[in-house]
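Following: one structure in structure tokens, then a few remarks.
Every number here is computed from the coordinates shown, using simple stated rules; none is lab data. Here the structure is a predicted model, which means the values were calculated and not measured. With ideal geometry, Cβ positions are generated from the backbone for all residues, glycine too; neighbour counts draw on all protein chains shown.
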Number of protein chains: 2
Amino acid sequence: MEPVKIGLLGLGTVGGGTVTVLTRNAAEIARRAGRAIQIAHAAARAYDPARISGLGDIGRISDDAAAVVADPEIDIVIELIGGYSPALELVLAAIDNGKHVVTANKALIATHGNEIFAAARRRGVMVAFEAAVAGGVPIIKALREGLAANHIEWIAGIINGTGNFILTEMRDKGRDFGEVLAEAQARGYAEADPTFDVEGIDAAHKLTILGSLAFGIPLQFEKTFTEGISRIQAQDVAWAGELGYRIKHLGITRRTPAGIEMRVHPTLIPHRRLIANVDGVMNAVLVKGDAVGPTLYYGAGAGALPTASAVVADVVDVVRALTTDPTNRVPHLAFQPDELSDTPVLPMEAVETAYYLRITALDRPGVMARIAGILGEQGISIEAINQKEPAAGDTHVPLIMLTHRVREANMNEALDRIQALEAVAGEIVRIRMEGLDG
Amino acid sequence: MEPVKIGLLGLGTVGGGTVTVLTRNAAEIARRAGRAIQIAHAAARAYDPARISGLGDIGRISDDAAAVVADPEIDIVIELIGGYSPALELVLAAIDNGKHVVTANKALIATHGNEIFAAARRRGVMVAFEAAVAGGVPIIKALREGLAANHIEWIAGIINGTGNFILTEMRDKGRDFGEVLAEAQARGYAEADPTFDVEGIDAAHKLTILGSLAFGIPLQFEKTFTEGISRIQAQDVAWAGELGYRIKHLGITRRTPAGIEMRVHPTLIPHRRLIANVDGVMNAVLVKGDAVGPTLYYGAGAGALPTASAVVADVVDVVRALTTDPTNRVPHLAFQPDELSDTPVLPMEAVETAYYLRITALDRPGVMARIAGILGEQGISIEAINQKEPAAGDTHVPLIMLTHRVREANMNEALDRIQALEAVAGEIVRIRMEGLDG
């Protein structure tokens, strides 16, 4: 049988890894797929021929991406350029030309996926994007296929390795965010501009995709609430630890009677939960289905070879489905395109969580009563209070509080009022908490 | 489009769960699959009509399993009878009649899978068995599809929930095996005859399947080394803990230059590994691929609804592949049937691991030197020794040793000689150790 012909766009980290995997494991992949897979035509803007030739087998190579997506010999286009443009134009052109597409581009799928999938449907081609979430971990396959029997209740994921590395280092070494970020940048775990990672935008792209797959709604990146980890302090990590919790930067999506929660934020979780023990640059996604209960998927969320693992698995999937009637293929967003629902995504104010609060207050009678009174008026009940010793000569003490679940809107109102108290100094720290137990 | 018609064999725990899931989530499953799925005909040997009617929608029901597999209306037969006979005969008859088969029967697949898959191939039908390993966790899909780009290096799994529950209780409560087993039986986590679970036979069935999927070899249950947990003592659990390890009953399969290891046995693993923190009845499978690195899949390994989750996911997969050319379907054992390899499964004597040893020896000069000398002659180097205090009035002390990696044959020879020493009392305890780090 003829080899399947691949057109590859982008020969950076992941592109190089894809060439390496397809070359090194060519025989084993063909033993599984039943067909050889061959990179027939590649394009990269600026490439070093010496480095590229060391990676593995590529048929033709140039800097002309448009030629790759127009090449009549190509069956499947792999898009590994990243970003929005020209990735979007190239993907749409490939689809127009009747080619299947595999991409690792989470930003593109989260923001332009609806348009891309509609185009693919019209043209009868597949767009596969396993590498867009949690790198080599086959979480998209698990949601679209492995858990197809379930009514998904919620998902909570550590889906940004840089953020998880920083939080792990902060905990292990008692260091502050800025210090650890600098080290992560020096070690190549964080970009020179770390905004995408530490402010949660990358995680929000991935969560947007997971939410659509779980609940059968169109991709709605703009409705995903996003809060980063840059304001987390070493003392909060330590106090969370004393109370039996770890702080993780989670992407959470949950089905409620009122709508679907989509939110990325630092989260206290009980340290005995398996996902609380996922450390360093590793990713993990915890999925709660009504039949299967909680399941967890763990592995490297980034890197050349782990991401290439997912890209190449997608290629094998596409090869297997080439002869399948398009209506019988796995739908892009897990549900048949005509069966997507318009269930609303909830604004953050309507989300219920428990909270960790750190309030720096004057150490004098009546202050605690005043704070507790305001919380009570907003229907917020306190699960635990921990008043720390004041530093020598300091008239303020940190109050650590854990609350029961309450609507974010009520908490916002309470915190505005507490913050305005004369006895309260500095900014109140508020970190959401999740039990992840049901 | 016409609903897909299911014939269901067996209405016990998992059969009942399957009816429940297909009924309760019918609309959501159809939104994913693009087709309704209907249990048109079911058979169970002895059934209580009142219980069954409470489970959900079943077309016809009788005690005649042969009639179900012969029913011309049926597209897919789900076999949930368990055991070897009549499950084997019914599955082969269903295949002969051109029906696709979904089964949760690990014993059947591990021991008769080669024959069943050959028959299915001749007839051009699919046999799906996701529920046979780790219940609702889509580990078979991960190995066959999600990790298809990888050269798999090894797999280590907690694949028997009963055994993991017992070991977890022994550790948490410092209790001995017999006591905890009795409690597990009382709580319904262990069978009246617990042999299959605690002696590792059930885990060996599952490991046999995982090894074939990972390495492209025929199923060879008879070559899987199996050691149970019934001889693990509370003191070894405690001493392992002191040394920074947990004891887990693992199924391990590994590719080596000489052949493939297939072994189920209690194993010390570092407590910081994620899989060391998988407790209670939960299952987890850790897979090391050359591209993706380590990935882990966690969830409920048994129970009505978790197992039904996998069964129904298989049904959806089969429905999607109905129109696919048989040569393009996912191969039963991950590799194309003509591409299976004859790589040998290694005898246990040829396997290399590290070891935990507990030797009860006379507390007098020279004994330790003698033991260390014998180990040295077999090329066994000691990583750590821990001599415990003797109990009051006891002239024997427990020596706890951790060794570096060595061939099992050498360790057997050394232990035979040490056991024969006059200064050594009682049976030497030997538990294998794995770092699971590369």
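So if I average 1/r over every pair of distinct C-alpha atoms in the stretch B:132-179 and take the inverse, what Kirkwood radius in Å does that give? Provide the component values of the computation, followed by the final result.
Numbers: mean 1/r = 0.0760 Å⁻¹.
It works out to 13.2 Å.
How large is the Kirkwood hydrodynamic radius of the stretch A:92-139, counting all unique pairs of alpha carbons, in Å?
Details: mean 1/r = 0.0915 Å⁻¹.
One over the average 1/r among Cα pairs gives 10.9 Å for the stretch A:92-139.
Using the Cα centre as the reference, give the magnitude of the dipole from point charges on the C-beta atoms of chain A (Lys, Arg: +1; Asp, Glu: -1; all else neutral), rounded to the nearest 20 debye.
In debye, rounded to 20, chain A gives about 840.
Are there trypsin sites (Lys or Arg not before Pro) in the stretch B:227-336 that DSSP marks as loop and that have at most 14 other Cβ atoms within 10 Å, and which are they?
Numbers: sites: B:ARG231, B:ARG246, B:LYS248, B:ARG254, B:ARG255, B:ARG263, B:ARG272, B:ARG273, B:LYS288, B:ARG320, B:ARG329; in loops: B:ARG231, B:ARG272, B:ARG273, B:ARG329.
For trypsin sites (Lys or Arg not before Pro) across the stretch B:227-336 that sit outside H, G, I, E and B with at most 14 neighbouring Cβ atoms in 10 Å, the list reads B:ARG231, B:ARG272.
Compactness ratio of the stretch A:169-237: Cα Rg over 2.2 N^0.38 Å, N = residue count?
Relative to the 2.2 N^0.38 Å estimate, the stretch A:169-237 comes out at 1.34.
What ratio of Cα Rg to 2.2 N^0.38 Å holds for the stretch B:348-433?
Values: Rg = 12.4 Å, N = 86, 2.2 N^0.38 = 12.0 Å.
Computed over Cα atoms of the stretch B:348-433, the ratio equals 1.04.
Can you show me the helix-derived [θ] at 222 nm for chain B, built from DSSP H runs with n ≥ 4 at -39,500 (n - 2.57) apiece and divided by the number of residues, rounded to the nearest 500.
My calculation for chain B gives -10500 deg cm²/dmol from helical runs alone.
When the Debye formula is applied to the Cα atoms of the stretch A:243-289, each taken as the same point scatterer, what base-10 log of I(q)/I(0) results at q = 0.13, 0.32 Å⁻¹?
So the normalised log intensities work out to -0.34, -1.27.
Name the GluC sites (Glu not before Pro) in the stretch A:38-142 that are in a loop by DSSP and that have at most 14 other C-beta atoms within 10 Å, would you?
Passing both the DSSP loop test and the Cβ count: A:GLU73.
Using DSSP to call loops (not H, G, I, E or B), can you name the trypsin sites (Lys or Arg not before Pro) in the stretch B:13-90 whose Cβ has at most 16 other Cβ atoms within 10 angstrom?
Answer by residue number: B:ARG45.
Across peptide A:128-141, how many C-beta atoms of other chains are within 10 Å of each residue C-beta, on average?
That works out to 3 on average.
For A:HIS404 and A:ARG122 in the same chain, what is the full-extension length gain: residue separation times 0.36 nm, less their Cα-Cα distance, in nm?
Gain in length upon complete extension: 96.6 nm.
B:GLY289's amide H: which non-local residues (gap 5+, or another chain) put their own amide H closer than 5 Å, with H modeled 1.01 Å from N in plane and none for Pro or chain starts?
B:GLU153, B:THR295
Of B:LEU274, B:LEU108, B:LEU55, which is the most mobile in a GNM of chain B whose springs link Cα atoms less than 10 angstrom apart?
Between B:LEU274, B:LEU108, B:LEU55, it is B:LEU274 that shows the largest mean-square fluctuation.
What number, in percent, do you get for the relative contact order of the stretch A:197-275 if the mean sequence gap of Cα pairs under 8 Å and at least 6 apart is divided by its residue count?
It comes to 33 percent, rounded to a whole number.
Calculate the all-directions average of the projected area of the protein assembly as shown's alpha-carbon convex hull, and give it in nm². Walk me through the intermediate numbers first.
Values: hull surface 161.7 nm².
Hull-based average projected area comes out at 40.4 nm².
Beyond 29 Å, what share of the Cα-Cα pairs of the stretch B:139-300 is found? Please give it as a whole percent.
Value for the stretch B:139-300 (Cα pairs over 29 Å): 17 percent.
How much FRET efficiency would the formula 1/(1 + (r/R0)^6) give for B:ALA66 and B:ASP342, where r is the Cβ-Cβ distance and R0 is 30 Å, rounded to 0.05?
0.20
Cα atoms only, the stretch B:213-363: Rg and Dmax in Å?
Considering the stretch B:213-363 through its Cα atoms, Rg and Dmax are 19.2, 73 Å.
What share of Cα pairs, in percent, lie more than 21 angstrom apart in the stretch B:1-77?
In whole percent, the share of Cα-Cα pairs in the stretch B:1-77 beyond 21 Å is 23.
May I ask for the equivalent-ellipsoid semi-axes of the stretch A:34-96, computed as the square root of five times each C-alpha gyration tensor eigenvalue and listed largest first in whole Å?
19, 16, 10
In bins 10 Å wide, starting from 0, what share of all Cα pairs of chain A does each bin hold, as a percent?
Binned Cα distances yield the sequence 4, 21, 28, 23, 13, 7, 4, 1, 0.
List the pairs from A:LYS5/B:LYS206; A:LYS206/B:LYS99; A:LYS248/A:LYS388; A:LYS106/B:LYS106; B:LYS248/B:LYS388; A:LYS99/B:LYS141 whose alpha-carbon separation is above 29 Å, in the order I gave them.
A:LYS5/B:LYS206; A:LYS206/B:LYS99; A:LYS106/B:LYS106
Give me the percent relative contact order of chain A, please, defined on Cα pairs under 8 angstrom at least 6 residues apart. Before the final figure, lay out each step's value.
Numbers: 910 pairs, mean separation 69.4, N = 438.
Relative CO of chain A lands at 16 percent.
Give me the Debye-computed log₁₀ of I(q)/I(0) at q = 0.12 Å⁻¹ for the stretch B:4-128, equal point scatterers on Cα only, no solvent, two decimals.
With no solvent term, the Cα-only Debye profile gives -0.41.
Can you work out the FRET efficiency for the pair B:ALA36 and B:ASP363, with r the C-beta to C-beta distance and R0 = 60 Å, to the nearest 0.05?
After rounding to 0.05, the efficiency reads 0.25.
Taking θ = phi - 60°, what integer Hz values does the Karplus form 6.51 cos²θ - 1.76 cosθ + 1.60 yield along the stretch B:207-218, in sequence order, with x for Gly and Pro?
Couplings: 5, 4, 5, 4, x, 5, 5, 6, 10, x, 10, x Hz.
Using the Karplus equation 6.51 cos²θ - 1.76 cosθ + 1.60 (θ = phi - 60°), what ³J(HN,Hα) coupling, rounded to whole Hz, does each residue of the stretch B:63-77 give in order, writing x for Gly and Pro?
Per residue, the Karplus-derived 3J(HN,Hα) values read 9, 9, 5, 4, 5, 5, 6, 9, 5, x, 6, 7, 8, 10, 9 Hz.
Relative contact order, percent, of the stretch A:4-128 when contacts are C-alpha pairs under 8 Å separated by at least 6 residues?
Here the relative contact order equals 25 percent.
Under 10 Å, Cα contacts only: if you run a Gaussian network model on chain A, which one of A:ASP394, A:ASP96, A:ASP314 comes out with the highest mean-square fluctuation?
Of A:ASP394, A:ASP96, A:ASP314, the Gaussian network model singles out A:ASP394 as fluctuating most.
From the P(r) of the stretch A:253-341, could you give the percentage of C-alpha pairs in the tail past 15 Å?
Details: 3010 of 3916 pairs.
Tail of P(r) above 15 Å: 77 percent of Cα pairs.
If you take the beta carbon distance between A:GLN419 and A:GLU389 as r and set R0 to 22 Å, what does 1/(1 + (r/R0)^6) give as a FRET efficiency, to the nearest 0.05? Kindly include the intermediate steps, with their values, before the conclusion.
Details: r = 23 Å, r/R0 = 1.05.
Taking R0 as 22 Å, the efficiency between A:GLN419 and A:GLU389 is 0.45.
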